[in-house]
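K.L.:
One structure follows; several queries about it will come next.
The values are calculated or read from the model by the stated rules, or taken from the named source; none is laboratory data. Owing to the predicted nature of the structure, the values given are computational and were not obtained by experimental measurement. As a convention, Cβ positions derive from the backbone with ideal geometry for all residues, glycine included, and neighbour counts pool all protein chains shown. Please note that ligands, DNA and RNA were not included when accessible areas were found on the heavy atoms of the full protein model with its side chains. Shrake-Rupley method; radii C 1.70, N 1.55, O 1.52, S 1.80 Å.
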Amino acid sequence: MDRTDGGNGIMSVFAGPTLTWSQQEIQEDAGFFASGGTVTEITQNGVVYRVHSFITVGVSTLTVNRQLNNLEYLVVAGGGGGGYNNAGGGGAGGLLYGVESVNPNIITITVGAGGNTGTSNSSSRGRSGSNSSLGQIAVAIGGGGGGGLGYGNIAGGSGGSGGGGGNTYFGGSPTGGSGVLGQGFAGGSGKSSGGGGATQTGNTNGSRRGGDGLLINSADIATIKMKTTGGAVKNWGFATTNLAASDFGIYQSNSNGGDPITAGSPKIYFNGSGNVGIGTSSPTKTLQIESGTTADDGLFLSHSSGTVYAKLSINNPGTSNDTLFGAVSNNSVRFITYNTERMRILSNGSVFIGTTS
């Protein structure tokens, strides 16, 4: 039996937590307007937001310390579990988002768990995901379980998004579960269909592929920033379409407490053609590593013990520019073709060709 439980948190495509954020002056103290959850700053279309995310299944609180006239929220319920024995896919958890005016108070946050998969022919449908809620403001309904394999209970379950139709020992077309209006779509109908997603109906008849989950669009630079409140360390962030159209980068601030995007440099960079650069934001090859100013900058291979055994770098960069390749430790360098050793250079400089001694 393949175990295909529904997802719980934001790291899962099919389910997520409750998120809230308010557009306020970012220089203010982090807890001045609201506190609770994990606080992250993001920039969208040049506007900085403070996000309070809740990703652990269970109940917690968001404390609102003053009147918020534009509290935006995103609530995602737990996804439904898949049906028994590779049958129907579980539906995505219901998704709700909006803007609310909130008075100072303590709001109960509930993050729903994903549903378990069906376990046998007698209980073959996957279990529905649990609801997620932002107090009484928004309640997202858990995704429906996928239909299973068996003689009965093979239709997809209803939920935030419906589970896909299961599989049957007999002929017929098992139906997909229905979704909640405004939260998700129905699961696909037919044998072993996909569960519904947040933005479209699940695929039908054997595809098992679900509808699309959460989709975020931006007409400008889209960023996610992770900053510490103390400012004693360098910060990290992600950005797309920042240096050029269709690019993506992982950035680090140039100084402690700095902004990783506007006052930082890309450490790993993907250009619009898919080339990857490490140490460079203009890679012209599939993978390009740009070293620093010494021969100790480059590509190094090490063991889990921490010992560096091999390196590929440039000697005296900018002057001789010779290539350095070989062993750093007191070990041999071996050359193989067709997975067979053809030449060996010992640490003392002796060379063996066609023999190992």
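K.L.:
Restricting to the range 283-297, give me the number of residues that are at pLDDT 90 or above, in contact with a strand residue (DSSP E or B) (Cβ under 8 Å, 6 or more places away or on another chain) and in a loop (DSSP other than H, G, I, E, B).
P.N.:
Count: 2.
K.L.:
Here's something else I'd like to know. Would you kindly identify the strands (runs of 3 or more DSSP E) lying entirely within the range 21-113 that contain at least 1 residues that are in contact with an Asp or Glu (Cβ under 7 Å, 6 or more places away or on another chain), open to solvent by 40 Å² or more (accessible area, probe 1.4 Å) and modelled with pLDDT of 80 or more?
P.N.:
95-102
K.L.:
Six or more apart or on different chains, Cβ atoms under 8 Å: show the pairs whose first residue is in the range 314-337 and over 18 Å from Leu299 (Cβ atoms) and whose second is of a type in the set (Val, Ile, Thr) and open to solvent by 80 Å² or more (accessible area, probe 1.4 Å).
P.N.:
Gly318/Thr293
K.L.:
Just checking, does the range 289-306 include any residue being open to solvent by 60 Å² or more (accessible area, probe 1.4 Å) and within 23 Å of Ala244 (Cα to Cα)?
P.N.:
yes
K.L.:
Select from the range 252-264 the residues that are within 24 Å of the chain's Cα centre (by Cα) and among the small types (Gly, Ala, Ser) and list them in ascending order.
P.N.:
Those that are within 24 Å of the chain's Cα centre (by Cα) and among the small types (Gly, Ala, Ser): Ser253, Gly264.
K.L.:
Exactly one condition in (1) touching a residue at least 12 places away in the same chain (Cβ under 8 Å); (2) not in a strand (DSSP E or B) is false for Gly249; which is it?
P.N.:
(2)
K.L.:
How many of the residues in the range 223-251 are open to solvent by 30 Å² or more (accessible area, probe 1.4 Å) and within 19 Å of the chain's Cα centre (by Cα)?
P.N.:
10
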